[in-house]
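Inspection log for the structure reproduced underneath, given as structure tokens.
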Amino acid sequence: MTAGTRNNKPTMILSKNNLKNINTAGLQLPDESIFNLPEKVLQFGTGVLLRGLPDYFIDKANRAGIFNGRVVVVKSTDTGSTDAFAQQDGLYTIYSKGIENGEEASEAIVCSAISRVLSASGEWQAILEVAKSPDLQVIISNTTEVGIQLVKEDVRQQPPASFPGKLLAVLYERYKAFNGSADSGLIIIPTELIVDNGKKLEAIVLELAHLNNLEHEFMDWLENHNTFCNSLVDRIVPGKPSKELMPNLDEQRGYTDDLHIMSETYSLWAIEGDEKVASVLSFSKADKGVVITPDIELFRELKLRLLNGSHTLSCAVAILSGFDTVKQAMDDESFLKFISQLAFKEIIPAIPYQIEPQVATDFARKVLDRYRNPNIRHEWLSISLQYTAKMKMRVLPLLLNHYKKHNYVPKNMALGFAAYFRFMKVKPAGDNTYVGSANGKNYTINDSAAAYFSKVWEANDINKVVENVLNNRELWDTDLSVLPGFKEALINNLEKIEAHGIAELTVA
């Protein structure tokens, strides 16, 4: 199909045959030779994070002539179809926009990493054939956090129900095809957002192999010749461009693309592995965002404390200040001062892991750049999801480590905690929902501790609220009321918030 329009919308679909007709300025197109590269990667998941991060890195390496391998994608769920991937020959556009070193940065590419997409429910035999390929080297997954769970099942099903079951079936098929040869083992890299994802996936696969009474020789091959790598991914990939932006994009590029995605420019894929792993994952040479190292705990701590932690500690401050999005808050001078002091003066010194100060400082600067990105709409209410659990996991270790080193109150953390307490001042609204109010606007919260906070706030006594919540060991696994000056700081902040709002506290 050649270029044309219908109702001001291009009729040309992005595909291999139509690449020659695309002349969009600034858009990077794949060379025809890439379509002849062997299939080296089997990927479980079609989601935007995988397409916007691992597949992006592989595509970039292929363009540079480094990795020289494409990706076979397994669609594990029954929802949706693979039609768009087939119609577009696996091609899709990635628009990356963001702030780097205070300056706007952008990139537009047609990603050609994916060779084909197979449905687990309808094309399981074809997936098992991929397992037998001598070209296959790597398996990647993102099946969400609930995907890495043990389901006691027969992996000889067509297909198994769970992701670990599917993975075990693929590995068993490969073992049989190559008679358990040492060099037929694979590198398996889950990207699901759980700690030690590689170790946990390996343990489940091994247990499932035992439950299926698979032979001891296979178990030996599985353990000794396959490498399960812990990994951490960090890139904001919201997905498709907004409906408002779509018509302009279609007109500018001259083709339609049902698979296109937006992302920020920042990207990180930290993979726990040795030199052998690095030699196979040669795509890491194409982008500094891929880091292969024996220990990824450093990257986990940086992300968990400086990105996730600063998000969590500033979330209620922003909502009580009347900001809907992260970008709105970052445009406010008082909020910017608050979150900057929080990150650089309080979070960095309190990270419970040995980190070079300059490394932490550089990471914090990148975090603030990412928050300023005008192309990513991050809503604070979305960030507040399961607020209490996030405070416990992300923030509490920072607070406790601060008090191990110092005997004074971290004023910005204390403000973040007080704002969180005020945000959790909610009332039941029926159907197990809880509603709070700030700046004349109601908001619904999604937090497992909502009922508890609703009960605590019934008396509307700030002193009792702070006392009861801080010394609740079931909530925090410790008594926070014993931290020097912390209880008093929270009471003082809450009284000011209730009397005058939060604005004067962020200015102070």
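Being open to solvent by less than 40 Å² (accessible area, probe 1.4 Å) and not aliphatic (A, V, I, L, M) is the filter here, so list the residues in the range 434-450 that pass it.
Within the range 434-450, TYR434, GLY436, TYR443, ASP447 meet the criteria.
Filter the range 377-411 down to the residues that are open to solvent by 20 Å² or more (accessible area, probe 1.4 Å), more than 23 Å from GLU474 (Cβ to Cβ) and outside any helix (DSSP H, G or I) and list them by number.
ARG377, HIS378, GLU379, HIS406, ASN407, TYR408, VAL409
Anything in the range 476-490 that is crowded, with 19+ Cβ neighbours inside 10 Å and assigned to a helix (DSSP H, G or I)? List them, or say none.
Hits for the range 476-490 are LEU480, PHE486, LYS487, ALA489, LEU490.
In the range 100-147, how many are part of a strand (DSSP E or B) and either touching a Cys at 6+ places or on another chain (Cβ under 9 Å) or within 21 Å of VAL48 (Cα to Cα) (or both)?
17
Quick check on my filter: what residues within the range 82-102 are among the small types (Gly, Ala, Ser) and surrounded by fewer than 17 Cβ atoms within 10 Å (Cβ to Cβ)?
Within the range 82-102, ALA86, GLY102 meet the criteria.
Within the range 163-171, can one find any residue that is open to solvent by 10 Å² or more (accessible area, probe 1.4 Å), closer than 25 Å to LEU53 by Cβ and out of contact with any helix residue (DSSP H, G or I) (no Cβ under 9 Å at 6 or more places or on another chain)?
So far as the range 163-171 goes, no, none of its residues is open to solvent by 10 Å² or more (accessible area, probe 1.4 Å), closer than 25 Å to LEU53 by Cβ and out of contact with any helix residue (DSSP H, G or I) (no Cβ under 9 Å at 6 or more places or on another chain).
Among the residues of the range 48-88, which ones are of a type in the set (Val, Ile, Thr), out of contact with any strand residue (DSSP E or B) (no Cβ under 8 Å at 6 or more places or on another chain) and modelled with pLDDT under 95?
The answer is THR77, THR79.
Only one of these is more than 16 Å from the chain's Cα centre (by Cα) and either part of a strand (DSSP E or B) or without any contact (Cβ under 8 Å) to a residue 24 or more places away in the chain (or both): GLU244, GLU251. Name it.
Just one listed residue meets the conditions, GLU244.
Might you check whether a residue that is open to solvent by 40 Å² or more (accessible area, probe 1.4 Å) and among the hydroxyl-bearing types (Ser, Thr, Tyr) occurs anywhere in the range 233-255?
Yes, the range 233-255 contains at least one residue that is open to solvent by 40 Å² or more (accessible area, probe 1.4 Å) and among the hydroxyl-bearing types (Ser, Thr, Tyr).
The values are calculated or read from the model by the stated rules, or taken from the named source; none is laboratory data. These numbers come from a predicted model, not from an experiment. As a convention, Cβ positions derive from the backbone with ideal geometry for all residues, glycine included, and neighbour counts pool all protein chains shown. What goes into the accessible areas is simple: the full protein's heavy atoms, side chains included, and nothing from ligands, DNA or RNA. Shrake-Rupley method; radii C 1.70, N 1.55, O 1.52, S 1.80 Å.
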